[in-house]
Amino acid sequence: MRWFGAKIGQGVRIKPGVRIKFPWRLTVGDHVWIGENAWIDNLALVTIESHVCLSQDIYLCTGNHDWSDPHFQLITAEIYIEQRSWIAARAVIGPGVRVAQGAILGLGSVTGRSLAAMTIYAGNPAQPIKKRTIREAVPEMIQNTSESLTPNSKFSVAE
């Protein structure tokens, strides 16, 4: 995708079946996961910051039509997804949406409005369900995980 103008960070995983309409209108940070059959319909710029998960079959749509115009004039607006956010499987994000840091859009949810930081949303239209909390890592877990994940490990994040 870099050959076609996409700006892609380090450690990005793009799974089979992903569709990106205009790679030159895509910016992806480091360590982003884009799941199978995700569709990035980017008539306008789509920016995905680092450490974001876009799960399977998500749809990012930057275009819409002016229903008050007899010719249904095309309207486009950017989508911006801030770091450490998760867009769950089959979720849909419409034009002009900003997903704030750490927000989660639940399974099959649909939003045409921006999402607040560290908040979990679900439904159609997506509604805030609760604030997201992150538990602190246990030092022993971190040490055991780093020892078990070597560059040749089956589950290495560096693959």
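The values are calculated or read from the model by the stated rules, or taken from the named source; none is laboratory data. Every value quoted in this text rests on a predicted model; they were computed, and no experiment measured them. Glycine also receives a Cβ, built like all others from the backbone with ideal geometry; neighbour counts cover every protein chain displayed.
Quick look at the numbers
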| read-out | value |
| --- | --- |
| Number of the condition not met by residue 69 [criteria: (1) surrounded by 17 or more Cβ atoms within 10 Å (Cβ to Cβ); (2) more than 16 Å from the chain's Cα centre (by Cα)] | (1) |
| Scope segment 22-45; condition touching a Lys or Arg at 6+ places or on another chain (Cβ under 8 Å) and among the small types (Gly, Ala, Ser); matching residues | 35, 38, 44 |
| Count of residues meeting criterion [crowded, with 19+ Cβ neighbours inside 10 Å and closer than 18 Å to residue 113 by Cα] in segment 43-66 | 7 |
| Matching option when the condition is farther than 25 Å from residue 76 by Cβ and at pLDDT below 95, among 129, 104, 134 | 134 |
| Pair list, Cβ under 6 Å, 6 or more apart: segment 78-99 residue among the acidic types (Asp, Glu) and modelled with pLDDT of 95 or more, other residue surrounded by 18 or more Cβ atoms within 10 Å (Cβ to Cβ) and not in a strand (DSSP E or B) | 82/49 |
| Some residue of segment 20-30 being touching a residue at least 12 places away in the same chain (Cβ under 8 Å), aliphatic (A, V, I, L, M), farther than 23 Å from residue 118 by Cβ and surrounded by fewer than 17 Cβ atoms within 10 Å (Cβ to Cβ) | no |
| Residue list for segment 75-97, restricted to those being more than 11 Å from residue 29 (Cβ to Cβ) and in a strand (DSSP E or B) | 75, 76, 79, 80, 86, 87, 92, 93 |
| Filter pass, residue 105 being farther than 24 Å from residue 5 by Cβ and crowded, with 21+ Cβ neighbours inside 10 Å | yes |
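Listed here are the residues, each with its yes/no results for (1) touching a Gly at 6+ places or on another chain (Cβ under 6 Å); (2) of a type in the set (Gly, Ala, Ser).
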position: 61; (1), (2): yes, no
position: 68; (1), (2): no, yes
position: 72; (1), (2): no, no
position: 107; (1), (2): no, no
position: 114; (1), (2): no, yes
position: 117; (1), (2): yes, yes
position: 134; (1), (2): no, no
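Residue-wise test of (1) more than 15 Å from the chain's Cα centre (by Cα); (2) part of a loop (DSSP other than H, G, I, E, B); (3) more than 24 Å from residue 108 (Cα to Cα).
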residue	(1), (2), (3)
17	yes, yes, no
30	no, yes, yes
37	no, yes, no
44	yes, yes, no
50	no, yes, no
64	yes, no, no
